[in-house]
Amino acid sequence: MDRTFVMFKPDCLERGLVGRILTRFEEKGLRLVAMKMLRISPEVAKQHYAEHVTKPFYPGLESFITASPVVACVFEGPEVVRVVREMLGATSGLKAAAGTIRGDYSSSRQMNLVHASDSPESAAREIGIYFQQSEIQTWDPTLACWYQAPDEG
Ligand code: CMP
C-alpha cells in the first residue's frame, strides 16, 4: 500500500470546501490514515516548498500558505500518489481539466485549494515534516474488501 501527503490549503478552509473535497477522496476509496489542522509557520513553509524558495512566486506563496490554517492528511492506496495528482488536475485551476478538483473549484495558479505529493519520495519527505509515526493509523476499513479485490492491494 502506497502513501501520499495531501494538504487542504488556506483558500480551501476559507471557502468552506474541505468537506466537499475530502468526500471526493473518501468516495474514490482512498484510505485516510492521518489528519490534523495546523497553522504553517514561515519556517515550515520554506521546508515544505524548499524547491520553490528561490522562485519569483515564492514570497506570495509563503504569504498565502501561512495566512489561515490548513488541514494536513495522509492517504493510503494502490498508486495513490498518481491517483490523487490526477484527481487534483493541473497546478493552475485555469488549466486543470473540468471534472478534476482544481478544474471544478479553482481559477488560480496559487490558490489551487489542495497540495499533493508528486512522487513517493516527496510523499515520504512531506509526511515526515507534518506527522510523527505515532500519528499515522494502521487500520483496515470493514468495507475495504468492496473497493478492491484481494490481489489488487
Ligand atoms: P502546490 O502543488 O502546492 O506546489 C507549489 C505551489 O506553488 C503550487 O501548488 C501553487 O500553489 C504555487 N504555484 C505554483 N506555480 C505558481 C505560479 N506560477 N505562481 C504562483 N503560485 C504558484
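So here's what we get for this one:
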{"read-out": "Relative packing of 140-149, 25-34, which averages over residues the other C-beta atoms within 10 Å, highest first", "value": "25-34, 140-149"}
{"read-out": "Taking the stretch 16-129 and dividing mean pair separation by its residue count, relative contact order in percent (alpha carbons under 8 Å, at least six apart)", "value": "23"}
{"read-out": "Between the stretch 93-119 and the stretch 59-85, the alpha-carbon center distance in angstrom", "value": "11"}
{"read-out": "Förster radius 30 Å - calculated FRET efficiency between Ser122 and Leu94, Cβ distance, rounded to 0.05", "value": "0.80"}
{"read-out": "FRET efficiency for Glu51 and Arg24, using Cβ-Cβ distance with R0 set to 41 Å, rounded to 0.05", "value": "0.95"}
{"read-out": "For Ala96, distant residues with modelled amide H under 5 Å away", "value": "Ala90"}
{"read-out": "FRET E, pair Leu38, Ala149, Förster distance 41 Å, beta-carbon r, rounded to 0.05", "value": "0.65"}
{"read-out": "Paramagnetic label zone (point 7 Å from Cα along Cα-to-C-beta, Glu14; backbone N under 20 Å) in the stretch 58-96", "value": "58-72, 91-95"}
{"read-out": "Kirkwood-type radius of the chain, with distances r between different C-alpha atoms, in Å", "value": "15.9"}
{"read-out": "Inter-probe distance in nm under a simple model that places probes 7 Å from Cα toward Cβ, at Ser108 and Ser68", "value": "0.9"}
{"read-out": "Estimated dipole of the stretch 63-153 in Debye, rounded to 20 [Cβ of Lys and Arg +1, of Asp and Glu -1, Cα centre]", "value": "560"}
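Only the coordinates and a few stated rules stand behind these numbers; no lab work does. Remember, it's a predicted structure, so these values are computed and weren't measured experimentally. Using ideal geometry, Cβ is built from the backbone for each residue, glycine included, and neighbour counts are taken over all protein chains shown.
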